[in-house]
1. Could you work out [θ]222 nm for the chain from helices alone, using -39500 (n - 2.57) per DSSP H run of at least four and dividing by all its residues? Round to the nearest 500 deg cm²/dmol.
2. Mind counting lysine pairs for me in the chain? Cα separation below 29 Å, and the two need to be 8 or more apart along the chain or on different chains.
3. With just the Cα atoms of segment 99-157, tell me how far they stretch along each of the three principal axes, in Å, largest first.
4. Taking Cα centroids, how far is segment 69-87 from segment 9-26 in Å?
5. Take the Cα atoms of the chain, build their convex hull, and give its volume per residue in Å³.
6. Filter the trypsin sites (Lys or Arg not before Pro) in segment 59-143 down to the DSSP loop ones having no more than 16 other Cβ atoms within 10 Å, then list what survives.
7. Please find, in a Gaussian network model of the chain (springs between Cα atoms separated by less than 10 Å), the residue of W126, W22, W101 whose mean-square fluctuation is greatest.
8. At 0.36 nm per residue, minus the direct Cα-Cα distance, what do W122 and D45 gain on full extension? Give it in nm, one decimal, please.
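Derivation of every value follows stated rules applied to the coordinates shown; laboratory data play no part. Worth saying up front: this structure is predicted, and the values here are computed from it rather than measured. Virtual Cβ from ideal backbone geometry, glycine too; neighbours counted across all protein chains shown.
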Amino acid sequence: MKHTSRTTYIGLNLRSCSIRLWSEEDADALQRYANNRKIWENLRDIFPHPYSLQDADAFLDFATQARSTEFAIANETEAIGGIGLRLGDDVHRHTAEMGYWLGEPFWGRGIMTEAITAFTPWAFRWFELLRIFAQPFATNTASVRVLEKAGFVCEGQLKANVIKDGKLLDSLMYACVREPPVIYRLWGEKR
Ligand SMILES: CC(C)(COP(=O)(O)OP(=O)(O)OC[C@H]1O[C@@H](n2cnc3c(N)ncnc32)[C@H](O)[C@@H]1OP(=O)(O)O)[C@@H](O)C(=O)NCCC(=O)NCCS
C-alpha cells in the first residue's frame, strides 16, 4: 500500500458513505461502477468509456500518489464512486474545481449531497481554498440539484462551452466561496 507515503489524508465517515483515500484494491469495484455510459455522458472525455480494468489500474496508479487530490466514496464494503479536486495555480492558487461521480445502483439516496456537503468544508481547510467550483453540463439536472442542496450557487451559464458525445452543450458555473472573515485573514498573509 502507498498510503503511508501520502501527504494528503482524508477519512470522513458520514451517515450514507465514507470518503477515503483510494487504494489499489479498489480496482474491481471502480471498473464495475465506472463502466457506465450514463456516468461518462456527464463527465469529461478523459473519463474512459468503456472503462476497463486497465483504466481502473491506471487511474489508481495516479490516485494513490502522495499528493493526489482524488478520493473514493465508499460504503462498508467497497468503493462506489469518486470525488476529486483540480487545484488552481498562479492567481487561481486558492481556487479548485471539484468533480464527482457515483455508481448508478446508489443514485437517488442523497449520497452525493451528503458527500459534497462534508467534502467542501474539509477541502477548504486542508487545501487553504477560498473558492470551490463545479461545471455541470446544463443538461445534468441531478448534478445541479445536488450542488444546490449542498449550498453551491449558480454564477452563470457558459454558452456552447462543451462538446460531448457529438453534442454542443452549455455548462453551468456553480461555486461555493468561503466566508468573508476567512478570506480577509488569508489576504493578510504574505505570499
Ligand atoms: C449527479 C450524481 C453524482 C448524483 O448523485 P446522487 O447521490 O444520486 O444524488 P442525490 O441523491 O444526493 O441527489 C440527487 C437529486 O437530483 C434529483 N434528480 C435526479 N435525477 C433528476 C432528473 N433527471 N431531473 C430532476 N432531478 C433529478 C433527485 O430527485 C435528487 O433531488 P431531491 O433530493 O431534491 O429529490 C449521480 O447521478 C452521478 O454520478 N451522475 C453521473 C456523473 C455526474 O453527473 N457527475 C457530476 C458531473 S458535474
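1. Details: 6 runs with 56 residues, N = 191.
So the calculated ellipticity at 222 nm is -8500 deg cm²/dmol.
2. Details: K38/K149; K38/K159; K38/K164; K38/K167; K149/K159; K149/K164; K149/K167; K159/K167.
Summing the qualifying lysine pairs gives 8.
3. 33, 26, 16
4. 6 Å
5. On the way: hull volume 24.7 nm³, N = 191.
Enclosed volume per residue, from the Cα hull, is 129 Å³.
6. Values: sites: R67, R86, R93, R109, R125, R131; in loops: R67, R93, R109.
The qualifying sites are R67, R93, R109.
7. W126
8. On the way: separation 77, 0.36 × 77 = 27.72 nm, distance 2.77 nm.
Result: 25.0 nm gained on full extension.
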